[in-house]
Every structure is written in C-alpha cells, then in structure tokens.
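A.B. asks: Take a look at this one; I'll ask things after.
The values are calculated or read from the model by the stated rules, or taken from the named source; none is laboratory data. Please read these numbers as outputs of a predicted model, since none were measured by experiment. All Cβ positions, even for glycine, are placed from backbone atoms using ideal geometry, and neighbour counts span all protein chains on display. Each accessible area value is taken on the protein alone, full model and side chains, heavy atoms only, with ligands, DNA and RNA left out. Shrake-Rupley method; radii C 1.70, N 1.55, O 1.52, S 1.80 Å.
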Amino acid sequence: MLRVGLTGGIGSGKSAVARRLAEHGAVVVDADQIAREVVEPGTPGLAEVVAEFGEEVLTPEGRLDRPRLGEIVFSDSARLARLNAIVHPRVAARTEELMAAAPADAVVVYDVPLLVENDLGALYDVVVVVDLPEEEQVARVVANRGMPADQVRARIKAQATRERRRAAADVVIDNSGTPADLDRRVAELWADLSARA
C-alpha cells in the first residue's frame, strides 16, 4: 500500500485533485468528510463541542453550525486548539479504520487540510501539496463559497504558510491554471504514484 498525504490551503483545489485521483483508481480518505461525521447529531463529538463552545454553535435543527463555529475558532488560536483536541483524535481513529480496510496494493490518498500544521508528513510515503498564490485562493473561496474575503484571510492565516507547506512537499501540484492543466498534472502525478506503488 502506498500512503499519500494530500494537502493544500483553503481554496487551493485539494478536493478537485482528490476527485481526479479517485477517478484514476486511488482510494481517497477525506479528512473533512470524517470531521463532519464525528460531530453529527447524537455523537459524543458533537456533545463535547457543545459543552466547550455552547449551544450557539448549533443550528435550530441541532446540527453543528460550521460557519458560526469557524467565526469563533479562526480568530482565537486557543479555542481552535481546543476544537482540534476534540475532533482530531476521533478523525484519526476513523481514518485508521478506513485505511485498514483498503486493499493491500492500493494507492491510498488521505485528503487532509492540516497535514503540515499537525506535522503528519512522516505518516505518509509521499506528501502532495496543491498550491496557488494566496490572492487566487481568496478569490476562489469568495466566488465558490460566498465567504467574505476577511474570513478567508483569517483561515489562511490560521493555516501553515505557503512556504512551509511547499517545504513539506515531496510533490507540488500547481493549480493556478485551467481545469485542463490540472487534469494533465494529476495524470502525471497518478503515473508517478502508480510507479512508486
């Protein structure tokens, strides 16, 4: 099994790369999806988040209000650390279950936003970083998610710097071009990963 850590800052196109790798045959484990699972209504994870941050982080339907929680934690590093202490161990345990279920000869891609921030590079055979200039990240998130630019910049500031992320990479995927450019780069990456596997 080849274990690949895939990361990139908010708006970098990391999820687009993960989708393309899955189309090529990779087994993709999505940390964001798992992070949502572990705080679904009725889970111990959600109960602990509410105990820490209060009922104000819930929607009227009793689900986690992610934008509200984001406003709280991305402007306060201590509160972000507390949230991470609740969520990350649950995500790690579920990730190991999913990786253990993958075929022995699989290329397993772990799509994880905070790989560099949490010094997880050593867990993977290959670290792939999806990269583009910060202003392009901001523009894409504002256009695609409708998030205000100041909130996007706060999230970027809470993540590893572009330089630190690039320094941690075995492979950097430049996503500043067109979707066709990205298709070509991911096909090249897949050929490289398949050869390593």
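A.B. asks: Given R₀ = 30 Å, FRET efficiency for residue 79-residue 106 by Cβ-Cβ distance, to 0.05? List each step's numbers first, then the result.
C.D. replies: On the way: r = 37 Å, r/R0 = 1.24.
With R0 = 30 Å, the Cβ-Cβ based efficiency is 0.20.
A.B. asks: Further question: Spin-label point model (7 Å from Cα, Cβ direction): what's the residue 122 to residue 97 distance in nm?
C.D. replies: According to this spin-label approximation, the distance is 2.7 nm.
A.B. asks: Considering only the other residues whose Cβ falls under 14 Å of the Cβ of residue 100, what net charge follows from Lys and Arg at +1 and Asp and Glu at -1? Spell out each step's value before the answer.
C.D. replies: Numbers: positive: 3, 94; negative: 96, 97.
Around residue 100, the charge tally is 0.
A.B. asks: For the stretch 99-197, how big is Rg over Rh, using alpha carbon atoms and the Kirkwood form of Rh?
C.D. replies: Using Cα coordinates only, the ratio equals 1.00.
A.B. asks: For residue 178 paired with residue 144, estimate the spin-label separation in nm (one decimal), with each label point 7 Å from Cα along the Cα-to-Cβ line.
C.D. replies: In this crude spin-label approximation the distance works out to 1.8 nm.
A.B. asks: How far is it, in nm, from the label point at residue 71 to the one at residue 135 when both lie 7 Å from their Cα along the line to the Cβ?
C.D. replies: The two pseudo-label positions are separated by 2.9 nm.
A.B. asks: Assuming R0 = 22 Å, can you tell me the calculated FRET efficiency for the pair residue 163 and residue 88, based on Cβ-Cβ distance, to the nearest 0.05?
C.D. replies: Numbers: r = 24 Å, r/R0 = 1.09.
Given R0 = 22 Å and the Cβ-Cβ separation, E is 0.35.
A.B. asks: Quick one: pull the percent of accessible area on the stretch 1-147 belonging to carbon and sulfur, 1.4 Å probe, ligands and nucleic acids left out.
C.D. replies: Details: 3660 of 6950 Å².
After summing per-atom areas, the C and S share lands at 53 percent.
A.B. asks: Provide the per residue accessible area, probe 1.4 Å, for the chain, rounded to a whole number of square angstrom.
C.D. replies: Numbers: 9880 Å² over 197 residues.
Per residue, the chain has an accessible area of 50 Å².
A.B. asks: Still on this structure, I have one more. Pick out, in residue order, every one of the GluC sites (Glu not before Pro) in the stretch 46-78 that is DSSP loop and has at most 10 other C-beta atoms within 10 Å; say none if there are none.
C.D. replies: Within the stretch 46-78, the qualifying GluC sites (Glu not before Pro) (loop, at most 10 other Cβ atoms within 10 Å) are 61.
A.B. asks: Shifting gears a bit: For residue 191 and residue 55, what does the FRET efficiency come to when R0 = 35 Å and r is the distance between their Cβ atoms, rounded to the nearest 0.05?
C.D. replies: Working: r = 51 Å, r/R0 = 1.45.
Between residue 191 and residue 55 the formula returns 0.10.
A.B. asks: Rounded if a/c is under 1.5, else prolate if a/b is larger than b/c, else oblate: which is the chain, with a ≥ b ≥ c the root eigenvalues of its Cα gyration tensor? Mind showing how you got there, number by number?
C.D. replies: Numbers: a/c = 1.97, a/b = 1.34, b/c = 1.47.
Note, shape of the chain comes out oblate.
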